[in-house]
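J.: Below: one structure in structure tokens.
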Amino acid sequence: MLDPVLLSSIGDLELVARVTVDGTISGLHRSPFHGYSAEFSQYRHYRPGDDLKYVDWKLFARTDRVYTKQYRETTNLMAQIAVDASASMSYAGAGAVSKLDYARLIAAALAHLIASQGDAAGLVVYDDAIRQYLPSRVGQPQLRALLVALARMQASGATAGGLALRRATDLLKRRGLLLVVSDLYDEDESVEQELRRAVTIGHEVAVFHVLTREEVEFPFGGEFEMQDLESGRTVLAGQASADAYREAFGAFLERWRTRCTRYGIDYTRVITDMPLDEALRGYLLRRIGAPGR
Amino acid sequence: MIGWQQPAALFGLVLAAIPLIIHLLRTRRADRIQFPSIRFIRPSTTAAVRLRSPSDWSLLAVRTAIVTVAVLALARPVLLTPGRMTSWNAVTSTAILVDTSDSMRRAGPSGRSSADAAEEAAAAEQLAAAHAVRIDSDGLSRDVARAVAWLRDVPPSRREIVIVSDAQRGAIDATALSAVPADIGIRFIEVGDDVRERTVDSFGRLGVAGVAARNQQVTLAEEATRVTLQVSGSSAVQGLRLVTSPGEASDGEKLLRAVATAGAPAPSSEQGLIFEFPASGQATLVSGAIAEPWMVRAALRLQQDEDFQRAARRGEVDRSAVDAIRAREDAWTVLARDRNGVPIVNAAASGREMVLAVRAPVSSFLAAATVRATLGARQGSVAMPEAEVLRIPRAALTVQSRPPGPVEQDAWRRAGGSDARWLWLTALALLLVEQWLRSRTIAVRDEREVRAAA
């Protein structure tokens with residue numbers, strides 16, 4: 001079980017990503033990310049995690065050795081990870097890990113996983129504008145650059161992800177994978193529109209909805225003056241406000257889940273006190289089960 | 001009864017409301033929590049700031065008491081207990097008014113002056129009083145007010161004015177004494193011998209050849225006054241000498257005759273005057289600067305004599321003449337300057353005689369003016385009231401006398417210290433209690449939180 005508090009306290013994000021990936025994919029019998037084949041290229045020794053459908057069973061029968069077939073276009077998956085770094089993501093609640101820290105860990109693990117499969121990964125960090133942009137590329141230097149960008153990420157500004165997601169989608173030259181890590185507190189409907197557009201174009205889209213326990217359960221009793229982290233506005237909350245909040249927030253979560261289901265977007269809700277492998281495993285299992293593209 | 005030396009500080013009692021206001025305000029604002037998004041929070045209809053009752057009444061009471069006690073201490077209270085009033089009434093503050101008029105210096109039949117007796121009496125009074133001041137006065141009626149002013153500021157005590165005097169008639173009048181506040185006592189100490197008769201020279205006039213000398217004496221014998229006028233023929237002038245050149249001897253005689261005719265006061269053989277003119281060519285042996293009291297008095301009177309100074313300013317120093325002053329410049333005192341600001345009349349001492357160097361001709365107006373003014377300055381004016389032999393009747397003094405009254409109720413205003421120190425001590429003790437109450441409150445709260453967490 002990968003404790004997010006422990007992981008976020010480790011300074012080396014590459015190590016954290018590797019530990020997370022190793023802890024998450026152990027037991028998975030297929031690689032969650034892989035490009036589809038076009039032309040046979042060569043054989044190579046089977047490695048744990050390789051998709052069994054590429055094992056040359058006839059060769060195994062003849063030689064008693066396990067080889068997988070490789071094709072010329074085995075690394076043609078392009079992924080773009082979009083991370084929301086707005087001020088609301090700095091919220092940590094009662095825990096030690098903020099939503100941004102948790103998003104950083106998820107993004108680093110996903111990037112490491114994609115790069116280790118030989119696929120291309122890119123990054124978009126945004127709040128009310130694009131703050132960082134790394135186009136999708138393969139290789140270790142790309143992974144390191146991506147991890148450095150994630151490590152430098154700071155929470156600020158309002159949430160306006162529509163434009164950033166449109167750009168991330170447009171930069172995926174062919175059908176690729178768009179991974180969105182956000183608390184989805186955008187004021188308008190642009191994020192929803194851009195996600196739907198990405199699906200329509202033909203990309204695979206997955207949303208990691210990052211929240212804290214406090215946002216979901218609203219455990220505040222009595223009277224409090226609540227200040228919005230992004231706008232700075234305040235509102236006085238009483239006991240009646242708590243009940244109304246839970247109801248409204250439940251509807252908000254349900255609305256996003258319904259939308260994503262409707263558009264064929266993979267929707268994963270993660271709470272920052274959840275072990276990180278648990279947060280990732282559900283998504284990866286669903287992906288393995290999904291039909292290959 | 002309590003007296004407040006700084007009553008304005010009592011307005012600070014309104015500050016006692018501060019702890020109450022702080023108690024009320026500190027806990028009534030809702031805690032602020034930062035939250036990712038408030039869009040799902042329905043605003044509460046209750047007010048953000050609400051009056052709440054204080055959480056700890058005992059703490060509030062102690063804090064209010066601290067402020068109250070501190071303010072009372074700043075007002076410098078003086079507690080008027082019977083014991084304190086008794087102790088104040090047990091001591092006396094005395095203003096000793098000692099008569100130093102001329103009559104006090106006269107020796108009586110016993111050979112002892114009234115001033116000597118007054119010294120002894122004043123010293124004894126100073127020793128007897130808790131607080132005392134000695135005021136030497138040559139005008140008792142005038143200086144009674146000074147004594148009252150001093151007594152106005154003395155620490156709380158019975159107050160009196162003691163007048164040490166020969167009680168010569170006219171020394172003090174009843175009007176001055178009637179202005180003394182009723183609670184201030186008045187006591188007279190009569191000093192000096194009783195004198196039945198006294199004869200004084202009221203005036204003497206210079207006599208020279210051709211002008212008779214005149215002398216008037218006044219004899220005071222109880223209620224009677226006898227005046228005697230003696231006219232003597234021309235005789236040698238005693239106590240007055242002109243130093244001139246032989247050729248100017250006749251001018252010198254003319255000068256003296258003119259001065260005598262004008263009614264100049266007579267000289268004294270005991271207080272000799274030498275007038276030296278530069279043309280004489282002689283220099284009187286000067287022993288030093290003027291030092292005898294009568295010389296100094298005469299010099300001062302001359303410097304203040306407007307007629308004499310005006311005459312000097314009209315003259316001009318005769319620079320061609322032999323100047324005796326140059327011999328010992330440090331011994332000469334300038335009495336008058338000429339129109340150019342050059343010293344024209346100077347004075348010095350020659351033994352027991354006073355030398356006046358006049359840097360003008362014997363026949364000049366300035367020479368005559370100098371001789372006449374100097375004779376007048378030497379004699380001064382005879383203060384006849386000081387020669388009075390009658391005293392203020394004892395019955396009159398008894399009527400004016402009264403014992404000091406008891407210490408008045410508002411005497412605490414003059415108290416040097418106050419009872420504020422006890423209030424400061426109380427405030428300090430209350431501060432310790434407040435610390436203890438606060439630490440106890442925090443301990444209870446922590447324990448409650450630990451229990452809640454468990």
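Bear in mind that the values in this text are calculations on the coordinates, not laboratory data. Predicted, not measured: the structure shown is a model, and the values here were computed from it. Backbone-built Cβ (ideal geometry, glycine too); neighbour counts: all protein chains shown.
J.: Using all C-alpha to C-alpha distances in the stretch B:367-429, build P(r) with 10 Å bins and read off the rounded percent in each one.
T.: 13, 15, 14, 13, 15, 14, 10, 5, 1
J.: Using only Cα atoms, find the angle between the long axis of helix B:17-26 and the longest principal axis of chain B, and express it within 0 to 90 degrees, rounded to the nearest 10.
T.: Rounded to the nearest ten degrees, it is 40.
J.: Provide the FRET efficiency to the nearest 0.05 for the B:Asp201-B:Ala289 pair, computing r from the beta carbons and using R0 = 41 Å.
T.: Step by step, r from the Cβ atoms, then E = 0.90.
J.: When the Debye formula is applied to the Cα atoms of the protein assembly as shown, each taken as the same point scatterer, what base-10 log of I(q)/I(0) results at q = 0.06, 0.07 Å⁻¹?
T.: These q points yield log10 I(q)/I(0) values of -0.66, -0.75.
J.: What Rg and what Dmax come out for the stretch A:132-282 when only alpha-carbon atoms are used, in angstroms?
T.: Both quantities, over Cα of the stretch A:132-282: 17.5, 54 Å.
J.: Please report, in debye to the nearest 20, how large the charge dipole of the stretch B:300-438 is about its Cα centre when each Lys and Arg carries +1 at its beta carbon and each Asp and Glu carries -1 there.
T.: Values: 20 positive and 16 negative charges, 22 e Å.
So the dipole magnitude of the stretch B:300-438 works out to roughly 100 debye.
J.: To continue, here is another question. At B:Ser110 and A:Glu187, where each label point lies 7 Å from the Cα along Cα→Cβ, what is the point-to-point distance in nanometres?
T.: 11.2
J.: Dividing the convex hull volume of the alpha carbon atoms of the stretch B:73-139 by its residue count, what do you get in Å³ per residue?
T.: Hull volume over Cα atoms, normalised by residue count, gives 118 Å³.
J.: Which of B:Leu256, B:Gly351, B:Ser269 sits farthest toward the positive end of the charge dipole of chain B, with +1 on the Cβ of Lys and Arg and -1 on the Cβ of Asp and Glu?
T.: My answer, from the dipole projection, is B:Gly351.
J.: Under the Karplus relation 6.51 cos²θ - 1.76 cosθ + 1.60, θ = phi - 60°, what is the ordered set of whole-Hz ³J(HN,Hα) values for the stretch A:198-215, x standing for Gly and Pro?
T.: Those phi angles translate into 4, 5, 4, 5, x, 7, 8, 10, 10, 10, 9, 8, 8, 9, 9, 5, 5, 5 Hz.
J.: Restricting to chain B, compute how many DSSP beta bridges are antiparallel as a %, nearest 5. Let's see the in-between values first.
T.: On the way: 37 of 66 bridges.
Here the share of antiparallel DSSP bridges comes out near 55 percent.
J.: Whole Å is fine, so just give me how far the alpha carbon centre of the stretch B:121-175 lies from that of the stretch B:186-214.
T.: The stretch B:121-175 and the stretch B:186-214 have Cα centres spaced 29 Å from each other.
J.: FRET efficiency for A:Val66 and A:Tyr263, Cβ-Cβ distance as r, R0 = 41 Å, nearest 0.05? Each step should come with its number before you reach the end.
T.: On the way: r = 40 Å, r/R0 = 0.97.
Between A:Val66 and A:Tyr263 the formula returns 0.55.
J.: Once the mean 1/r over all distinct Cα pairs of the stretch B:141-249 is inverted, what Kirkwood radius in angstroms do you read off?
T.: 19.2
J.: Let me ask another. Which semi-axes, in whole Å and largest first, does the equivalent ellipsoid of chain B have when worked out from the alpha carbon gyration tensor as the square roots of 5 times its eigenvalues?
T.: Ellipsoid half-lengths, sorted descending, are 83, 34, 17 Å.
J.: Right, something else. Given charges of +1 on the Cβ of Lys and Arg and -1 on the Cβ of Asp and Glu, with all other atoms neutral, how large is the dipole of the stretch B:146-279 about its Cα centre, in debye to the nearest 20?
T.: 220
J.: Moving on to the next point. Treating only the Cβ atoms of Lys and Arg (+1) and Asp and Glu (-1) as charged, compute the dipole magnitude of the protein assembly as shown about its Cα centre; round to the nearest 20 debye.
T.: Charge dipole of the protein assembly as shown: 2480 debye, to the nearest 20.
J.: While we're on this one: Report the calculated FRET efficiency for B:Ala123 and B:Gln216 (r = Cβ-Cβ distance, R0 = 45 Å), to the nearest 0.05.
T.: Details: r = 40 Å, r/R0 = 0.90.
So the FRET efficiency works out to roughly 0.65.
J.: Which part of the stretch B:199-217 falls in the paramagnetic zone of B:Gln230, meaning amide N under 16 Å from the point 7 Å along Cα-to-beta-carbon?
T.: B:199-208, B:212-217
J.: Okay, moving on. With unit charges on the beta carbon (Lys/Arg positive, Asp/Glu negative), name the residue among B:Ile66, B:Phe308, A:Leu211 whose Cα is farthest towards the positive pole of the charge dipole of the protein assembly as shown.
T.: Positive-most Cα among the choices belongs to A:Leu211.
J.: Antiparallel as a % of all DSSP beta bridges within chain A, to the nearest 5?
T.: In chain A, DSSP labels about 40 percent of beta bridges as antiparallel.
J.: Could you give the distance between the Cα centres of the stretch B:370-426 and the stretch A:172-204, to the whole Å?
T.: If we compute the Cα centre of each part, the gap is 108 Å.
J.: Report the convex hull volume per residue for chain A, counting only C-alpha atoms, in Å³. If you can, show how the numbers build up before the last one.
T.: Details: hull volume 37.2 nm³, N = 293.
Cα-based convex hull of chain A, divided per residue, equals 127 Å³.
J.: Per 5 Å bin from zero, what fraction in whole % of the C-alpha pairs of the stretch B:296-412 is there, up to the bin with the longest pair?
T.: In order of increasing distance, the bins hold 2, 9, 16, 16, 12, 7, 4, 4, 5, 5, 6, 6, 5, 3, 1, 0 percent.
J.: Looking at the protein assembly as shown, send over the antiparallel percent of its DSSP beta bridges, to the nearest 5.
T.: Taking every DSSP beta bridge within the protein assembly as shown, about 45 percent pair in antiparallel fashion.
J.: Go ahead and estimate [θ] at 222 nm for chain B from helices alone: -39,500 (n - 2.57) per DSSP H run with n ≥ 4, summed, over the residue count, rounded to 500.
T.: Calculated from helices alone, the mean residue ellipticity at 222 nm is -11500 deg cm²/dmol.
J.: Just to confirm the number: angle between the C-alpha axis of helix B:365-379 and the first principal axis of chain B, 0 to 90 degrees, nearest 10?
T.: 60
J.: Just to confirm the number: angle between the C-alpha axis of helix B:114-128 and the first principal axis of chain B, 0 to 90 degrees, nearest 10?
T.: Long axis of B:114-128 versus the principal axis of chain B: about 10 degrees.
J.: In chain A, if the dipole is taken from +1 on Lys/Arg beta carbons and -1 on Asp/Glu beta carbons about the Cα centre, which of A:Gly139, A:Tyr91, A:Gln70 is farthest to the positive end?
T.: A:Gln70
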